[in-house]
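Undergrad: Below is one structure. I have some questions about it.
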Amino acid sequence: MFCITHKGSENNIKNTDKESFCATPINWFPGHMAKTVRKLKEDLNLVDIVAEVIDARIPISSKNPEIDFIISKKPRFIILNKADLADNFQTSAWQKYYNSINIPSIKLNCIKDKAMPEFCKICQSILKDKIEKWHSKGMIGKNIKVMIVGVPNVGKSTLINNLTKKKRAEVENKPGITRINQWFSINNGFELLDTPGVLWPKFESQIVSQNLAFTGAIKDAILDYEDIAFHLVKKLIKKYPDNLTGRFDINLLNSQEPDTIIENIGKKRGILTRGGSVNTEKISRIIVNEFKTGKLGKITLESVDDVIENYR
Ligand SMILES: Nc1nc2c(ncn2[C@@H]2O[C@H](COP(=O)(O)OP(=O)(O)OP(=O)(O)O)[C@@H](O)[C@H]2O)c(=O)[nH]1
Ligand SMILES: [Mg+2]
């Protein structure tokens, strides 16, 4: 069985910084998620294959380790979604990685791409033997039933609407929109089961919870944006400094701390309080939101090199 484990992520993610583990832990596991996990297990018997949607910007953190246990031996593949917001080079590296461990994957921009050709091809190829069996029993044209799973806000319902070519599933840019499992039939041989996004009860590391917060998988109301922006800027200084300086028109001086950089961005943008100091809450939200929506460019925060213990 495949899984990228988050266990002891302090060791699994390189360049870990102890500071990250001192911050207040973020955890978000509302009641409907616990219910969803139970329902996913029940409904697994009804489907032929599982499509796990992950966020191409954070392939490790957006992979719920519990989903591996729920799916168990069911045929499955991975969709690296929001590929339009991710670094193309890194997305290709992730696909090569999945290929090397025999996990089929596709990358998608569910807003712009026509998802059906790739989706159809990958399902048919994985289920080739099963489909041949159906044919030999005279079951020609039997629908392939696909369960779509993933963490909140990753684009599961957008994928369904893309595949059905209609706005049938509810979509919004905040996590926790889909609340129940819901079937969607389409004419070209598929039945799709949309499911609510699920996280897991306790994140093992702050890096995972921060990554989920940067990309919008965690409910806004529980986030401390100043803390989130601090860690995001810190990551960007290390991994994508040019995107940071380019977007905000700032210079990065040696040994500049993230909070000084946030302050400078606030000054540049004129985001000030009545007293004339930088409104750090407001500028922090702006920075995180501009990252989320791709205004800082195509960025991937987790690379294949960050995986140490990856499957068993
Ligand atoms: N840029 C970009 N945005 C996307 C893509 N796919 C989905 N989105 C956006 O992501 C947000 C969340 O999409 P949903 O389809 O509601 O996500 P979900 O996984 O169903 O979320 P839950 O139902 O809360 O679990 C929406 O604003 C979508 O427009 C994509 O490929 N690229
Ligand atoms: Mg949804």
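A quick yes/no check of all residues on (1) charged (D, E, K, R); (2) within 29 Å of Asn99 (Cα to Cα); (3) within 16 Å of ligand 1 (Cβ to nearest atom):
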| site | (1), (2), (3) |
| --- | --- |
| Cys123 | no, yes, no |
| Met139 | no, no, no |
| Thr164 | no, yes, yes |
| Gly189 | no, yes, no |
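Undergrad: I need the full set of residues from segment 175-199 which are farther than 19 Å from Ala34 by Cα and either surrounded by fewer than 21 Cβ atoms within 10 Å (Cβ to Cβ) or at pLDDT below 95 (or both), in order please. Don't jump to the end; show me each part of the working.
TA: To start, the set of residues in segment 175-199 that are farther than 19 Å from Ala34 by Cα comprises 183-192.
Hits for segment 175-199 are Trp183, Phe184, Ser185, Ile186, Asn187, Asn188, Gly189, Phe190, Glu191.
Undergrad: Within segment 236-248, can one find any residue that is surrounded by fewer than 16 Cβ atoms within 10 Å (Cβ to Cβ), among the aromatic types (Phe, Trp, Tyr) and without any contact (Cβ under 8 Å) to a residue 40 or more places away in the chain? First the steps, then the outcome.
TA: Let us first name the residues in segment 236-248 that are surrounded by fewer than 16 Cβ atoms within 10 Å (Cβ to Cβ), namely 238, 241-242, 245-246.
Cutting the leftovers down to among the aromatic types (Phe, Trp, Tyr) gives us none.
So far as segment 236-248 goes, no, none of its residues is surrounded by fewer than 16 Cβ atoms within 10 Å (Cβ to Cβ), among the aromatic types (Phe, Trp, Tyr) and without any contact (Cβ under 8 Å) to a residue 40 or more places away in the chain.
Undergrad: Follow-up. Condition first: farther than 22 Å from Trp200 by Cβ and at pLDDT 95 or above. Can you find one or more residues in segment 49-68 that meet it?
TA: Of segment 49-68, the ones farther than 22 Å from Trp200 by Cβ are 49.
From what is left, the residues that are at pLDDT 95 or above are 49.
Yes - at least one qualifying residue is present in segment 49-68.
Undergrad: Does Ala83 meet the test of being within 26 Å of Lys239 (Cβ to Cβ) and either touching a residue at least 12 places away in the same chain (Cβ under 8 Å) or touching a helix residue (DSSP H, G or I) at 6+ places or on another chain (Cβ under 9 Å) (or both)? Show your work before the answer.
TA: Details: within 26 Å of Lys239 (Cβ to Cβ): yes; either touching a residue at least 12 places away in the same chain (Cβ under 8 Å) or touching a helix residue (DSSP H, G or I) at 6+ places or on another chain (Cβ under 9 Å) (or both): yes.
The answer is yes for Ala83.
Undergrad: Another question, then. How many residues, within segment 217-235, are surrounded by fewer than 22 Cβ atoms within 10 Å (Cβ to Cβ), within 14 Å of ligand 1 (Cβ to nearest atom) and touching a residue at least 60 places away in the same chain (Cβ under 8 Å)?
TA: Residues flagged as surrounded by fewer than 22 Cβ atoms within 10 Å (Cβ to Cβ), within 14 Å of ligand 1 (Cβ to nearest atom) and touching a residue at least 60 places away in the same chain (Cβ under 8 Å) within segment 217-235 amount to 1.
Undergrad: Can I ask one more? Among the listed residues Lys121, Lys167, Lys133, identify the single one that is under 22 Å from Leu46 (Cβ atoms), surrounded by fewer than 13 Cβ atoms within 10 Å (Cβ to Cβ) and out of contact with any Pro (no Cβ under 6 Å at 6 or more places or on another chain). Explain how you work it out, then say what you get.
TA: Details: Lys121 fails: under 22 Å from Leu46 (Cβ atoms); Lys167 fails: under 22 Å from Leu46 (Cβ atoms).
Just one listed residue meets the conditions, Lys133.
Undergrad: Take segment 34-77 and flag every residue that is under 11 Å from the mean Cα position of the chain (by Cα) and assigned to a strand (DSSP E or B).
TA: Taking segment 34-77 first, the residues under 11 Å from the mean Cα position of the chain (by Cα) are 52-64.
Those that are under 11 Å from the mean Cα position of the chain (by Cα) and assigned to a strand (DSSP E or B): Glu52, Val53, Ile54, Asp55.
Undergrad: Separate question: Kindly evaluate Ile148 against the criterion of being within 19 Å of Asn109 (Cβ to Cβ), more than 7 Å from ligand 1 (Cβ to nearest atom), of a type in the set (A, V, I, L, M) and surrounded by 19 or more Cβ atoms within 10 Å (Cβ to Cβ). Even if it seems obvious, please write down each step before you answer.
TA: Working: within 19 Å of Asn109 (Cβ to Cβ): yes; more than 7 Å from ligand 1 (Cβ to nearest atom): yes; of a type in the set (A, V, I, L, M): yes; surrounded by 19 or more Cβ atoms within 10 Å (Cβ to Cβ): yes.
Yes, satisfied.
Undergrad: Could I ask something else about it? Anything in segment 262-300 that is in a loop (DSSP other than H, G, I, E, B) and not hydroxyl-bearing (Ser, Thr, Tyr)? List them, or say none.
TA: If we filter segment 262-300 for residues that are in a loop (DSSP other than H, G, I, E, B), which is where we start, we get 270-271, 273-277, 279, 293-300.
The answer is Gly270, Ile271, Arg274, Gly275, Gly276, Asn279, Gly294, Lys295, Leu296, Gly297, Lys298, Ile299.
Undergrad: Would you mind finding the one in Ile131, Ile140, Ile71 that is modelled with pLDDT of 95 or more and of a type in the set (Val, Ile, Thr)? Spell out how you get there, then give the answer.
TA: Working: Ile140 fails: modelled with pLDDT of 95 or more; Ile71 fails: modelled with pLDDT of 95 or more.
Going through Ile131, Ile140, Ile71 in turn, just one is modelled with pLDDT of 95 or more and of a type in the set (Val, Ile, Thr): Ile131.
Undergrad: Looking at (1) farther than 24 Å from Arg38 by Cβ; (2) part of a loop (DSSP other than H, G, I, E, B), find the lone condition where Leu80 falls short.
TA: Among (1) farther than 24 Å from Arg38 by Cβ; (2) part of a loop (DSSP other than H, G, I, E, B), Leu80 violates only (2).
The values are calculated or read from the model by the stated rules, or taken from the named source; none is laboratory data. Please read all numbers here as calculations on a predicted model, not as lab measurements. Cβ coordinates were reconstructed from backbone atoms using ideal geometry, including for glycine residues, and neighbour counts include every protein chain displayed.
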